[in-house]
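Values quoted throughout were computed directly from the atomic coordinates according to the rules given, and no laboratory measurement underlies them. Since this is a predicted model, take the numbers as computed values, not measurements. Glycine also receives a Cβ, built like all others from the backbone with ideal geometry; neighbour counts cover every protein chain displayed.
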Amino acid sequence: MDNSGSNSQADYRNREHGSNSASQPLWLLAELTYSCPLQCSYCSNPIDFKNSGEELTTDQWLDVFAQGRQLGSAQLGFSGGEPLLRKDLEILIREARQMGYYSNLITSGMGLDAGRMEVFHKAGLDHIQVSFQASNAELNNRLAGSDKAFRQKLEMAREVKAQGYPMVLNFVIHRDNIDQIDQIIELTIELEADYVELATAQYYGWAEINRDQLLPSREQIARAEATTNRYREELDGSGPKLIFVVPDYYEERPKDCMNGWGNMFLTITPDGMALPCHSARQLPIEFPNVRDMSLEEIWYGSNGFNHFRGYGWMKEPCRSCDEKEKDLGGCRCQAFMMTGDAANADPVCSKSPHHHLIEEARLKAETQDDVQPLILRNARNIDQALARKG
Amino acid sequence: MINADSVPAINRHFRLQWEPAQDAHVLLYPEGMVKLNGSAAEVLQLCDGEADVATIIAKLQQKFPEAEGIDADVMAFLEDAHGQQWIQFPG
Ligand code: SF4
Ligand code: SF4
């Protein structure tokens, strides 16, 4: 699963038009499997992805979708890992369409071909998002840990358009590809993308341990943003809609993660765990499983989903802060990863006593002193990755 | 410019549907949703790629005989909807 803040994109786009009644799981993200043929160093899947429980069956997924629809879910994302590895994907798509979902396939494109895409189209799939690592074969394939990835992705992107799907191209942006953002945008224009997400990695899962190698410098970001704006002006409404998401590491206030905890997003992991956000699995909170509880109980009644709703859980400086309704204290996962306590202020906030951790990371991105090599996401590297995480 | 014989259709990248949980019509598109107010939904439901603007206005006038200034409202809404890319004018 790409780690690019595409969820915050969803909430951004939703919010653009306002008027979403609060607290319905509008966005249901089905992580169908953690398996994946690629090895992206910015992957948001848990480091120990091999040791999660057994994958949900087709019927269990269909039951989750039906319950979600009852609760008001309208957008359904098929994600992973690589969702194409699920042999029952066509069935899931067809049934979801019949329930009235708008369905999004979020894929690396590996394992797709024109025939399967057509089958999905007939089954009622609404949209395909293809992720790329870079704008040229050499870098793309190095970042994805695969020799064939780039050619396959190009072919699939062309096929997505040929079959009349709307297409989002997603590029996870980091220090190795950010200086080629002009070439990336050129490629998306050539491929006739409808939306392009140029989103810097969020540092969860594998991306957390690779952060020092991934985080661009402030100067790199400023340049990339200027380039993106120049293309926006040139395109003037024609061509792809460019969405550039900067890492919150260079902000002084955090983002209100997921539009509020348990407010709009519901993620189901391959083994049935229900999460308010796709990176929440790492938190020391017991999250419910769809095998044991109905989605309604999970959403409204479970401890995991009520944990960070409202403001009662906050500590200082958030508790008495007059900005808490704006950012809700930021990202719980980031607070946990960096400070060890998920109820602390997100260290991105300059009022946080841990803000120096963010400043140190920025400095490291600047100087590249003492930076450890990238660890690619694969089963062989799990031990090494866990050791680095400490 | 939109005029009386323009023929609007919902942009094929959007889907118009009734959402019980929202108690409203919505437009769904990649990873997003627009909740529509009543009058927007009335107009968009008539944008079927066959009826021209004059026909749409006539139908609405028939449905809401008391309403005044429907034509101006519909025109303004269609301009806006076109700007948001919710509708297209095929052919
Ligand atoms: S390895 Fe890459 S393609 Fe596979 S799930 Fe992770 S981010 Fe997605
Ligand atoms: S102190 Fe907490 S609530 Fe206030 S701005 Fe910072 S993160 Fe937000």
Loop sites in the stretch A:290-373: GluC sites (Glu not before Pro), DSSP, at most 16 other Cβ within 10 Å: A:E323
Cα shape, the stretch A:268-390, gyration tensor, a/c 1.5 rule: oblate
For chain A: rounded, prolate or oblate by the Cα gyration tensor [a/c cutoff 1.5]: rounded
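How much net charge surrounds A:L295 when only the other residues with a Cβ under 14 Å from the Cβ of A:L295 are counted, with Lys and Arg +1 and Asp and Glu -1?
For residues surrounding A:L295, the net value is -2.
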Approximate spin-label separation A:N303-A:A222, in nm, with each point projected 7 Å along Cα-to-Cβ: 4.8 nm
In nm, spacing of pseudo-spin labels at B:A4 and A:E90 (7 Å Cα→C-beta vector): 5.1 nm
Shape call, the stretch A:301-343: gyration tensor on alpha carbons, a/c limit 1.5: oblate
Extension gain, A:Q60 back to A:S23 (0.36 nm per residue minus Cα-Cα distance, nm): 10.9 nm
Inter-site label distance for A:N289 and A:E138 at 7 Å from Cα along Cβ, in nm: 4.8 nm
Number of partner chain Cβ atoms within 10 Å, mean per residue of B:20-30: 6
Theoretical FRET efficiency, 1/(1+(r/R0)^6), r = Cβ-Cβ of A:E360 and A:D322, R0 35 Å, to 0.05: 0.80
Between the stretch A:135-176 and the stretch A:77-103, the Cα center-to-center distance that results, in Å: 21 Å
Given A:K50/A:K255; A:K161/A:K241; A:K153/B:K35; A:K326/A:K351, the pairs whose alpha carbons are separated by over 23 Å: A:K50/A:K255; A:K153/B:K35
Cα centroid of the stretch A:223-237 to Cα centroid of the stretch B:8-67, whole Å: 33 Å
CD proxy at 222 nm, helix term only [per DSSP H run n ≥ 4: -39500 (n - 2.57); per residue of the protein assembly as shown; nearest 500]: -10500 deg cm²/dmol
